[in-house]
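A.B. asks: Here it is: the structure, laid out below.
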Ligand code: DGY
């Protein structure tokens with residue numbers, strides 16, 4: 001039987017790759033930088049499947065060039081790089097990988113909170129650089145228990161963060177587009193956005209990037225936070241105005257930021273954020289564990305293979 005023609009904009013995990021290769025003839029971009037647009041368009045001319053990555057814009061222009069395309073699959077829960085309406089107009093299903101990364105991403109968001117609160121990376125720098133001669137100048141942190149955590153975006157990952165926070169004695173408030181029916185189980189109180197900004201000692205944001213959430217944390221929002229507030233972003237860099245965050249941290253309008261995502265990404269070594277003492281940044285590793293990335297790759301492969309066979313995708317965004 002003839003194999004399907006598929007384009008991968010990055011290599012995926014070996015076991016998932018093997019499954020794809022059993023059924024497909026693949027073109028894979030293997031370099032570190034994103035695939036050049038012209039090459040991608042060329043490859044897509046006769047492709048039936050696209051296994052995309054967040055650094056590739058799947059828009060009207062790209063789809064118009066890909067006449068044979070039956071399915072787009074991506075190994076991520078976020079899909080702000082995909083024009084879903086354009087896919088739908090062309091009858092192309094798009095599959096992402098929700099669910100399988102919930103606990104892992106919640107671990108990372110909570111690790112940022114704990115790491116920032118207890119200054120773990122500064123303590124490590126302190127010890128490593130031989131400054132530990134007495135206990136006089138050790139980095140001091142702040143307590144979690146009894147404080148208020150505000151979660152912005154109470155989806156599955158937000159709930160998983162809330163469970164961790166409860167175990168550490170934090171009081172939880174949250175803001176979401178709609179109130180959750182199960183918030184009493186989580187012992188989380190629904191508040192409006194402004195109250196959340198004003199009441200929280202720690203704020204974790206987990207909202208997906210959309211036209212509504214782009215830039216939702218700017219100068220006005222940082223001005224409403226407590227001067228002792230810790231701001232944690234494990235969602236997407238562009239929901240924050242980076243210059244406003246820099247100013248808020250530099251002027252000590254807020255105490256600290258811990259970010260897994262930045263705008264731009266990757267963050268250049270000379271970015272002004274890196275000159276600040278009150279920040280901790282990780283390189284977009286929310287779901288980056290061996291187990292979870294493997295699960296995500298398999299689910300994305302399931303979506304791809306289902307779409308190629310004109311079957312319903314297990315996790316389709318535009319059914
Ligand atoms: C996701 O799955 O959306 C992660 O942020 C990786 O991009």
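Read-outs throughout are calculated quantities, based only on the coordinates presented, and are distinct from any laboratory measurement. Nothing here was measured: the structure is a model prediction, and the numbers come from that model. Heads up, the Cβs are rebuilt from the backbone with ideal geometry, glycines too, and the neighbour counts pull from every protein chain shown.
A.B. asks: Between segment 237-298 and segment 40-75, what is the C-alpha centre distance in whole Å?
C.D. replies: 29
A.B. asks: Also, quick follow-up: Specify the residue with the greatest mean-square fluctuation among 195, 263, 125, computed from a Gaussian network of the chain linking alpha-carbon atoms under 10 Å apart.
C.D. replies: 125
A.B. asks: Classify segment 1-106 as rounded, prolate or oblate, taking a ≥ b ≥ c as the square roots of the eigenvalues of its Cα gyration tensor: rounded when a/c is under 1.5, otherwise prolate if a/b is larger than b/c and oblate if not.
C.D. replies: rounded
A.B. asks: Using alpha carbons only, how many degrees (0 to 90, rounded to 10) separate the axis of helix 156-167 from the longest principal axis of the chain?
C.D. replies: The answer is roughly 30 degrees.
A.B. asks: Nearest 10 degrees is fine. How inclined is helix 102-117 to the longest principal axis of the chain, computing both from alpha carbons?
C.D. replies: Computed tilt is about 30 degrees.
A.B. asks: Now for a different question. For n ≥ 4 DSSP H runs only, could you compute -39500 (n - 2.57) per run for the chain, divide by its residues and tell me the 222 nm figure to the nearest 500?
C.D. replies: It lands at -9500 deg cm²/dmol.
A.B. asks: Pairs of Cα atoms under 8 Å, at least six residues apart: use those to get the relative contact order of the chain, whole percent.
C.D. replies: Value for the chain: 19 percent.
A.B. asks: Once both axes come from the Cα atoms, what is the angle between helix 290-308 and the longest principal axis of the chain, in degrees from 0 to 90, rounded to 10?
C.D. replies: 30
A.B. asks: How do 268-274, 114-120 rank on mean C-beta neighbours within 10 Å, highest first?
C.D. replies: The peptides rank, most packed first, as 114-120, 268-274.
A.B. asks: With the contact rule set at Cα under 8 Å and sequence spacing of 6 or more, what percent relative contact order holds for segment 102-281?
C.D. replies: 20
A.B. asks: Taking just the alpha-carbon atoms of segment 1-56, what radius of gyration and Dmax come out, in angstrom?
C.D. replies: Calculated on Cα positions, Rg and Dmax stand at 11.0, 34 Å.
A.B. asks: Continuing with this model, one more query. Along each of its three principal axes, how wide is the spread of alpha-carbon positions in the chain, in whole angstrom units, largest first?
C.D. replies: 71, 48, 33
A.B. asks: With a ≥ b ≥ c the root eigenvalues of the C-alpha gyration tensor of segment 129-260, is it rounded (a/c under 1.5), prolate (a/b larger than b/c) or oblate?
C.D. replies: oblate
A.B. asks: If you take the square roots of the eigenvalues of the alpha-carbon gyration tensor of segment 205-295 and sort them as a ≥ b ≥ c, do you get rounded (a/c under 1.5), prolate (a/b over b/c) or oblate?
C.D. replies: prolate
A.B. asks: What is the distance in Å between the Cα centres of segment 171-196 and segment 80-99?
C.D. replies: Rounded to whole Å, the Cα centres lie 29 Å apart.
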